[in-house]
Each structure stands twice: as structure tokens, then as C-alpha cells.
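Report on one structure; see the data block that follows.
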Amino acid sequence: MKLGAEQLRAAAAGAAECREEDGILYLSKVTAEQTEAWRRAMEWIVPNALATTGIRLDFHTDSPFVRIETAGGAKFEILTDGLLTAQFRPVEGNRILEAALPEGEHRVTVVYPSHGEPGVIRSVELADGSSFASHRTKGKLLFLGDSITQGWNSVYDSLSFAWQVTLARDADSVIQGIGGAVFLPDSVTDFGYRPDTVVAAWGTNDFGFYRTLGELEERAEETFSRIRTIYAGARILAVTPTWRRDEEGDRAMGSFAACRETVKKAAERTGIEVLDGYVLYPHRDEFMADDVHPNDLGFSQYAAHLTEALRAGKETIC
């Protein structure tokens, strides 16, 4: 049996906006308003904003298989009870992802691609007569940030830190990680989502982006203030810039250490908790995909420490 439009809508998670066209559900992690804000600021970044990072179909079924016809997107994954069981890279002439499922009822999570062309699913098919129920989560998370939040260079999208924290907390989440992003107040908008926790992790692209640390301070403080206003009542955690292999050598605005300290102080002045991103994963090459981004191993360390910080509930963790 093929799932109907209402069933797909019920199973869909991670989207800030959705629309249906010709029977196909299109999901986006950002709204049209946010996309326009990024277009005005730096048009080249729009494809990263439109990537389907964090979007998923999440449901329970006793079907012995799941068959998915894709209509866009370079990489899909399937998790069974939270465990990665399939990764699929569509090619011309083969856009069908099929995975066998264990006997009995299980949670199935279809992970849309985090990068490149937005993922689109044309249909989802289960065995005739099988059960179907959308997954019910235990909380709501919102991740805001740059390419590290997007999971840049992860071999498996579901092993990015935001995805791992989402799964560890059995939470609903919207992951608005955008490769190349810097502090941009206009990009933070109220799209009707009410998270329990907001994780804001910008700063590494801001290093060298401004002429002075004062400019960074102003932009960061304005962005954090906007988050505080829109998400009043939520727990908000600012993650300062993480370790990067090319941190040595000052930019015109100053050192990377000074950049991290500036972000920290901007968050503290707006009353936001701070997590020191510099200690989230080891400063070793084997934890890095390149000079700036962690690999899947580094993301796992990041996720473990962030999950513990969220569980600890301290006012300032740095």
C-alpha cells in the first residue's frame, strides 16, 4: 500500500514550511522569509539554505519492507529503531530506495539529504495490510548555525551532531544549519515552531568576516537578542566556535581566540547560556574531515558532550 498525503504529512518532521503540489509533499527547513533574508545578505548561500537538512519521515510499521520513490536529492538514509540500516544515492534510472525491515513493529526514520539538491519523495510504499502510525517525540529542539550544524562533510547525514542529539533525546527538531552562515539577525524568524531548547552555533565563518571584533560583537548580540525575544520561555544555549586546524594566524579583526571570546560575551550579555565549543571534540586530525569541519567521529564527540550539557542544565558551561 502507498501512504496517502495525510499519512505523509503526519510522518513528516523537521520542516519549517511544507507545500503539496501534484500529490508530492515538498518540505523545507527554512521559510520563504528566511530564504529571502539570506538572499539579500549573500545570494550564493541560498542553495545551502534550501537543502533538506534534518527533514525526515518518522513512523512505526510492521511492514516487512519500505519502498521509497525519490524525485530529488543525492543521498537518503533509513534508520530502523534509530539504527542506520540503509544509505541510498539515487542515480538516473534508479530512484527507488527499498529496505527490508525486521519482523514485528519497528520505528522507521527516512532521512532526507542534508546537502545539495533538496530531497523530494514521490511515494512511500509498505506491504498491504501493514500498520502505520507517525512517531510521537518527547520534546522539541531548534538548531541554528552554519555548515557544522548542517553536518558538512559527514559521510552519513544522520551522524551529524544535530541529528545525533535529536535521536538521543527522542525529540522533534528543526535543523537550520546553513553552510557559510554568519550571524544574521534577519534570518531568525518566528515560523510558528515552539521548541523547548534552542542551540545556536555560529562564529567560525564570522572569524575574518568583519573588519573588527566590535562589528562581530554587534551582530552576535543583535542575533542573540532576537532569539531571546522570539523564543522566550525556551532554554537557549549558545555554542562558541569549535576548534579548527587553521586557527593559527590573526585575521584583520584579531585572533580566533578573541573571536570565540567575543561570541561568548555577546551571548552572556543577552542572558544566554554558553557552551564552550572549543572542547567538544579532540584537537586531532583523525576527528576532522578538513581544516574546519569535524568528521563523523568528531561529530559523535560533539553530540555526546552537547547531549550531556543539555542534560546538566547548568547556567553557564564553559
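The values are calculated or read from the model by the stated rules, or taken from the named source; none is laboratory data. Bear in mind that the values here come from a model prediction, so they are computed numbers and not experimental data. FYI the Cβ positions are ideal-geometry reconstructions off the backbone, even for glycines, and counts take in every protein chain you see.
Of note:
Results for (1) within 19 Å of Leu167 (Cα to Cα); (2) assigned to a strand (DSSP E or B); (3) assigned by TED's automatic domain parsing to the domain that holds Asp206; (4) at pLDDT 95 or above, shown as yes or no for each residue.
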residue	(1), (2), (3), (4)
Ile78	yes, yes, no, yes
Leu97	no, yes, no, no
Pro118	no, no, no, yes
Glu125	no, yes, no, yes
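- Exactly one residue out of Pro113, Pro90 is surrounded by 16 or more Cβ atoms within 10 Å (Cβ to Cβ) and touching a helix residue (DSSP H, G or I) at 6+ places or on another chain (Cβ under 7 Å): that is Pro113.
- Boolean, Gly179 is out of contact with any Lys or Arg (no Cβ under 8 Å at 6 or more places or on another chain), buried (at least 19 other Cβ atoms within 10 Å of the Cβ) and closer than 23 Å to Tyr112 by Cα: yes
- Among residues that are in a loop (DSSP other than H, G, I, E, B), in contact (Cβ under 8 Å) with a residue 40 or more places away in the chain and not polar (S, T, N, Q), Arg245 is included.
- The set of residues in the stretch 252-268 that are in contact (Cβ under 8 Å) with a residue 40 or more places away in the chain, under 25 Å from Arg228 (Cα atoms) and not basic (Lys, Arg) comprises Ala258, Cys259, Thr262, Val263, Ala266, Ala267, Glu268.
- Taken together, the residues in the stretch 213-247 that are among the aliphatic types (A, V, I, L, M), within 24 Å of Tyr281 (Cα to Cα) and out of contact with any strand residue (DSSP E or B) (no Cβ under 6 Å at 6 or more places or on another chain) amount to 1.
- Among residues of the stretch 269-293 that are farther than 18 Å from Gln150 by Cα and in a strand (DSSP E or B), those with a beta-carbon under 9 Å from a residue that is modelled with pLDDT under 95 and β-branched (Val, Ile, Thr) at least six positions away or on a different chain give the pairs Glu273/Thr316; Glu273/Ile317; Val274/Thr316; Val274/Ile317; Leu275/Thr316; Leu275/Ile317.
- Near pairs, Cβ below 7 angstrom, 6+ apart or cross-chain, from the stretch 181-197 (under 17 Å from Glu217 (Cα atoms) and in contact (Cβ under 8 Å) with a residue 12 or more places away in the chain) to any residue that is of a type in the set (Phe, Trp, Tyr) and in a loop (DSSP other than H, G, I, E, B): Ala181/Trp202; Val182/Trp202; Val182/Phe209; Phe183/Trp202
- Taking the stretch 190-208 as the range and being assigned to a loop (DSSP other than H, G, I, E, B), in contact with a Ser or Thr (Cβ under 7 Å, 6 or more places away or on another chain) and either surrounded by fewer than 17 Cβ atoms within 10 Å (Cβ to Cβ) or not polar (S, T, N, Q) (or both) as the test, the residues that pass are Phe191, Gly203.
- Answer residue from the stretch 116-136, given it is β-branched (Val, Ile, Thr) and touching a helix residue (DSSP H, G or I) at 6+ places or on another chain (Cβ under 9 Å) and is surrounded by the fewest Cβ atoms within 10 Å (Cβ to Cβ) among those: Val124
- Among (1) over 18 Å from the mean Cα position of the chain (by Cα); (2) buried (at least 22 other Cβ atoms within 10 Å of the Cβ); (3) of a type outside the set (S, T, N, Q) - the single one Ala252 does not satisfy: (2)
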